[in-house]
Amino acid sequence: MPKIERTADIAWDGNLARGAGTISAETGAFSQLGYSLATRIGAPEGKTSPEELLAGAHGGCLVMSLVGELTNAETPPGHVDATCRIVMDEVEGQGHQIVASFVDVVVAADGVDEGALAAHAAKADEGCPFSALLRRAGAEVHVSVRLA
């Protein structure tokens with residue numbers, strides 16, 4: 001696989017407590033997603049956060065990896081739904097850290113039983129660069145899968 005690089009542009013105005021910023025994808029896939037400390041730690045009010053973007057990245061990566069495993073096993077899925085929840089918490093002596101990621105996946109695929117699906121999910125998790133990154137950073141990664 002070739003080297004992959006992607007870029008996001010971030011802008012911020014003001015101080016941390018009352019300021020706000022935007023995050024945009026260089027590709028144009030999303031533009032000027034608003035974020036602030038208030039919407040990061042409180043009610044999102046239609047804005048995003050770095051944790052939400054990480055949840056999307058990890059969940060998206062894991063799903064692609066799982067679809068690849070199922071396709072290679074000649075049991076490609078018809079549909080996959082997933083939810084990823086990133087948890088940030090206070091870690092003694094380290095401040096706030098990403099401590100866990102929970103990815104819950106529901107797969108509609110013919111010719112796959114729960115045992116095979118679990119094995120494919122474990123292999124997909126092992127091959128997912130975001131799972132590896134989170135684990136190297138000391139975060140727990142939990143992946144659960146079930147058939148639709």
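Annotations
Rundown of residues vs (1) surrounded by 15 or more Cβ atoms within 10 Å (Cβ to Cβ); (2) outside the structural domain of residue 130 (by TED's automatic domain parsing); (3) within 19 Å of the chain's Cα centre (by Cα); (4) of a type in the set (Ser, Thr, Tyr), yes/no style:
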site	(1), (2), (3), (4)
29	no, yes, yes, no
56	no, no, yes, no
70	yes, no, no, no
78	no, no, no, no
84	yes, no, yes, no
90	no, no, no, no
109	yes, no, no, no
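- Selection within the range 25-58 - of a type in the set (Phe, Trp, Tyr) and part of a loop (DSSP other than H, G, I, E, B): 30
- Among the residues of the range 66-122, those that are under 13 Å from residue 145 (Cα atoms), touching a helix residue (DSSP H, G or I) at 6+ places or on another chain (Cβ under 7 Å) and of a type in the set (Gly, Ala, Ser) comprise 82, 109, 121.
- Residue check, residue 62 at pLDDT 95 or above and within 30 Å of residue 15 (Cβ to Cβ): no
- Residue tally, condition crowded, with 16+ Cβ neighbours inside 10 Å and in contact with a strand residue (DSSP E or B) (Cβ under 9 Å, 6 or more places away or on another chain), over the range 111-148: 14
- The set of residues in the range 10-24 that are over 14 Å from residue 49 (Cα atoms) and outside any loop (DSSP other than H, G, I, E, B) contains only 13.
Here is a yes/no grid of residues against (1) part of a strand (DSSP E or B); (2) within 16 Å of residue 138 (Cα to Cα); (3) without any contact (Cβ under 8 Å) to a residue 12 or more places away in the chain:
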residue	(1), (2), (3)
75	no, no, no
82	yes, no, no
89	yes, yes, yes
99	yes, yes, no
107	yes, no, no
115	no, no, yes
120	no, no, no
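- Residue 15 being more than 19 Å from the chain's Cα centre (by Cα), assigned by TED's automatic domain parsing to the domain that holds residue 122 and polar (S, T, N, Q): no
- In the range 31-50, the residue that is modelled with the lowest pLDDT out of those that are surrounded by 15 or more Cβ atoms within 10 Å (Cβ to Cβ) and among the charged types (D, E, K, R) is 40.
- Subset tally (residues that are closer than 18 Å to residue 103 by Cβ and of a type in the set (Ser, Thr, Tyr)) for the range 63-93: 2
- Test: residue in the range 33-46 that is closer than 30 Å to residue 15 by Cβ and of a type in the set (S, T, N, Q): yes
The values are calculated or read from the model by the stated rules, or taken from the named source; none is laboratory data. What you see is a predicted model; the values in this text were computed from it and never measured. Here Cβ is always computed from backbone atoms with ideal geometry, including for glycine, and neighbour counts include all displayed protein chains.
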